[in-house]
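The values are calculated or read from the model by the stated rules, or taken from the named source; none is laboratory data. Note that this is a predicted model, so its numbers are computed, not measured. Methodologically, a virtual Cβ is constructed for each residue, glycine included, from the backbone with ideal geometry; neighbour enumeration extends over all protein chains shown.
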C-alpha cells in the first residue's frame, strides 16, 4: 500500500460528502478487499475525509445564511432537509450519509447555524458507522 492510495481514499471520501457526487464506498470496499491497508486505518481515513466534506457543506450553508434566509431554499431536496432538521433537530445529522438528502442536511445545519462541534460529531458518528458496516461485510 502506498500513501497515494490513502490520499485517494481521503479525497474520494471528502468529495463524496460535498454537493458533488462520488463513490467513496466503492473505493473503501475495493481497498479493503485488496488488502490495501489495515481496515482500521482505511475506516478512519474514509470517516475523517467524509466528515470534513460534510463540514465543508455545513460551512457553505453557514456562509450563505448571512445573505439568504433558509426559507428561500428552492431545491426540493433542500426543502426536505430543512423540514427534517427543523422537526428533529441536530440528531438528524446522523443521517448525513444518506444519498440525495445527506449533503443538503449538512448545508441546512450550517444555514440554521447549528453549533459546529455538535454538527461535526453527529456527522462523524453517522458516517463512521456506515463505513464500519461496509467494512464488516468485506473484512
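Modelled with pLDDT under 95 and more than 18 Å from residue 18 (Cα to Cα), is that true of residue 69? The answer is yes for residue 69.
Scanning segment 29-58 for residues that are at positive phi and touching a helix residue (DSSP H, G or I) at 6+ places or on another chain (Cβ under 9 Å) yields a count of 1. From the list 80, 67, the one residue that fits, being in a helix (DSSP H, G or I) and over 30 Å from residue 5 (Cβ atoms), is 80. Against the condition under 14 Å from the mean Cα position of the chain (by Cα), at pLDDT below 95 and under 29 Å from residue 139 (Cβ atoms), how does residue 52 come out, does it pass? Answer is no for this residue.
Looking at this structure, is residue 42 within 26 Å of residue 82 (Cβ to Cβ) and in a helix (DSSP H, G or I)? No: the conditions fail for residue 42.
In segment 19-30, is there at least one residue being in a helix (DSSP H, G or I), out of contact with any strand residue (DSSP E or B) (no Cβ under 9 Å at 6 or more places or on another chain) and within 22 Å of residue 105 (Cα to Cα)? Looking through segment 19-30, at least one residue is in a helix (DSSP H, G or I), out of contact with any strand residue (DSSP E or B) (no Cβ under 9 Å at 6 or more places or on another chain) and within 22 Å of residue 105 (Cα to Cα). Annotation note: Cβ proximity below 9 Å between a residue of segment 95-124 that is on the phi > 0 side of the Ramachandran plot and a residue that is crowded, with 24+ Cβ neighbours inside 10 Å and not in a helix (DSSP H, G or I) (sequence gap 6+ or interchain) occurs for no pair.
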